[in-house]
Ligand SMILES: CSC[C@@H](O)[C@@H](O)C(=O)COP(=O)(O)O
Ligand SMILES: [Zn+2]
């Protein structure tokens with residue numbers, strides 16, 4: 001049974017996040033999708049094909065963790081990339097997917113790389129569980145595909161081995177990022193985008 005008041009609150013919060021992300025040019029031209037956990041077995045996700053900077057609370061669908069809709073409408077084409085994260089990690093409360101220029105460019109520039117390592121940045125401390133710049137984390141990069149179930153399987157297999165990872169890139173496509181709630185997820189996404197932008201600048205300087 002869906003708690004309609006909680007659904008509405010989460011939808012309003014995700015729509016506001018969408019406006020913010022659109023202002024940053026991170027979700028151009030209907031790209032991106034957002035979700036928030038409703039309870040142990042369900043989440044709300046953006047409807048497919050909507051402009052993510054101009055969402056209203058009716059542009060969200062409730063789905064179970066097998067990515068099947070449990071309210072009216074057509075959920076995001078990439079719903080399974082959200083629901084598999086909620087299924088794997090009980091402490092995840094929100095997931096944001098964006099197509100920002102920095103993540104799209106770096107994922108292509110790194111061609112066949114399977115991951116990008118972020119080391120010795122003060123901003124690493126924005127991620128949960130990190131309390132020093134003197135560390136490094138790997139952000140995996142998966143090749144893009146229109147087979148979302150296959151991609152969800154690859155991501156899930158990676159996270160089974162490397163659970164302490166705040167997000168991943170899809171080559172030439174974008175980023176998925178998560179956190180314990182929407183505020184943490186926005187913080188993780190902002191830090192990840194900034195750090196990838198820094199890496200891109202370093203690559204430019206070294207050429
Ligand atoms: C506008 S192309 C982007 C889509 O193919 C997809 O990657 C995307 O992010 C949005 O898909 P959606 O089904 O609206 O959630
Ligand atoms: Zn996308």
Scanning region 1-21 residue by residue, those surrounded by fewer than 13 Cβ atoms within 10 Å (Cβ to Cβ) and not in a helix (DSSP H, G or I) turn out to be 1
What number of residues within region 167-207 satisfy the criterion of being assigned to a strand (DSSP E or B) and closer than 24 Å to residue 6 by Cα?
-> 4
Would you point out the residue of region 22-40, among those that are assigned to a strand (DSSP E or B) and over 15 Å from the mean Cα position of the chain (by Cα), that is farthest from ligand 2 (Cβ to nearest atom)?
-> 39
If only one of 77, 94, 67, 47 is surrounded by 24 or more Cβ atoms within 10 Å (Cβ to Cβ) and within 17 Å of the chain's Cα centre (by Cα), which one is it?
-> 94
Tally time: how many residues in region 41-54 are within 15 Å of ligand 1 (Cβ to nearest atom) and either in a helix (DSSP H, G or I) or within 15 Å of residue 82 (Cα to Cα) (or both)?
-> 6
Can you pull out the residues in region 171-188 that are in contact (Cβ under 8 Å) with a residue 40 or more places away in the chain and out of contact with any helix residue (DSSP H, G or I) (no Cβ under 8 Å at 6 or more places or on another chain)?
-> 180, 181, 184, 185
Going by the conditions given, is residue 126 more than 14 Å from the chain's Cα centre (by Cα) and either at negative phi or modelled with pLDDT of 95 or more (or both)?
-> yes
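The values are calculated or read from the model by the stated rules, or taken from the named source; none is laboratory data. Computed from a predicted model, the values in this text were never measured in an experiment. Methodologically, a virtual Cβ is constructed for each residue, glycine included, from the backbone with ideal geometry; neighbour enumeration extends over all protein chains shown.
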